[in-house]
1. Give me Rg/Rg_expected for segment 84-156, where Rg uses Cα atoms only and Rg_expected = 2.2 N^0.38 Å with N residues.
2. Listing K381, K143 from the residue with the fewest other Cβ atoms within 10 Å to the one with the most, what is the order?
3. Need one number: nm distance between label points at K266 and E146, each 7 Å from Cα along Cα→Cβ, rounded to one decimal.
4. Between T114 and Q373, what FRET efficiency follows from the Cβ-Cβ distance if R0 is 51 Å, with the result rounded to 0.05?
5. Expressed in nm to one decimal, what extension gain is obtained for the pair L184 and R312 from 0.36 nm per residue of sequence separation less their Cα-Cα distance?
6. Filter K177/K354; K202/K273; K177/K199; K202/K381; K107/K148; K266/K354 down to the pairs with a C-alpha to C-alpha distance above 24 Å, please.
7. To make sure I understand, if each residue's beta carbon is the centre and we count other beta carbons within 10 Å, what order do M170, M302 fall in, fewest to most?
8. How big is the antiparallel share of DSSP beta bridges in segment 168-382, given as a percent to the nearest 5?
Amino acid sequence: MIMDEREQLYRKKLQKKRSRDRIKRKRRRIQHFICGCVILSVTIVFVAVLLKSFNFDNEDIKEDQADKEETLSVTKEDEKSSAVITLEENITNTLLLGEAFVEPGYKAADKDGTDLTGQVEVDTTGVNHAGIQQIVYTVKDSKGRETKTVREIEILPNTQYDTTGLPICMFHYIYDKNNPPEDLNSNFISTDVLEEELKYLKENNYYFPTWQEVRDYIDGRMLLPSNSIVLCFDDNPLLIELGFPIFKKYEVPVTCFVITGYWESKEALMQYKSEYVNFETHSHYMHEAGGTVGHGGIYTAMSNEEIISDLRQSIEMCGNGNAFAYPFGDYTEDRISALQEVGLLCAVTTEYGKSYPGYNPYTLPRIRMSDGQTLEEFIAKIQ
């Protein structure tokens, strides 16, 4: 009986405890919910503030950008020239290379009506090259702001025009007259004579075209200045080393036609290449006897395949494949295709004379330079 009462009392206490625990758990859930709601609300408010701030910043940036663009637009408008150039209609839009350009006419005026026609500068250098070219007209308004306009014209290739011709000079070796070589001959030129000649060229503003320009000139696609000249030294850069300081002093570029078979490697040869000394091929192993044409060079007795193989080896060592000097000056017309095959632009002979538009670019003559020639004789040769 007593045990039943105790058991009932225990069960009542247990029920009360369970009831209190349920109430506690419920309160905790309510507290957690309330805390979560508070945290969420705070987060939402914080994010809203950030977004509002970001929008304000964006608006400020947009306003700044708009202000800058407006300022830039005003500045550009202010910098824009008020001068206007009006071109007269061109009767013909084509011109043969070498023909004089006849100006169709133009007018220029400021926005206030001031006539600027007499101040227009016209650049016609474009007519010196074949192709679609531009004549450029330039004038400045009262504030010094520039206006440009162009007239397009097609320049057609042409080899039938008057020209003084292009002297391609052939030198060989350079020596010091205070220490002349034992085998001194007409192929040598002293440093004194060379410097005198280069000084003359520099003082008279001679132009030194590239081999690509030489080819364009020969093909009638480019006008060269009347005082153009090409300087070549045949055989070996070691034999013109005394001229290196002189080339640099007068800033005169020269071509050295190299017999590359004399060199054990490209690296050894390249030690002598410089800003003013350019290497082109004089063959690899073809500068030797064995033919029956001219001076008897072996070149004329070789097949096209043999010539191509030799030239490719030489061109690789030279680092250039623009021009070729025939060994001993010997050549035959039926071997020219070999030069075209390897991509050479020009080839030079030892035949005397200047080169002119319309000449065969693979049989160009040269003007031989000899030791002992006076400056007057040099000038007479190249003019």
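1. Rounded to two decimals, the normalised Rg is 1.18.
2. Least to most surrounded, the residues fall as K143, K381.
3. Result for the modelled spin labels: 4.2 nm.
4. Calculated value: 0.30.
5. Fully extending the segment from L184 to R312 adds 42.8 nm.
6. K177/K354; K266/K354
7. In order of increasing Cβ crowding within 10 Å: M302, M170.
8. Once the DSSP bridges in segment 168-382 are tallied, antiparallel ones form about 5 percent.
All of the numbers you see were taken from the coordinates with simple rules; none came from a lab. What you are looking at is a predicted structure, and each value in this text was computed from that prediction instead of being measured. Positions of Cβ are generated from backbone atoms using ideal geometry, with glycine treated the same way; all protein chains shown enter the neighbour counts.
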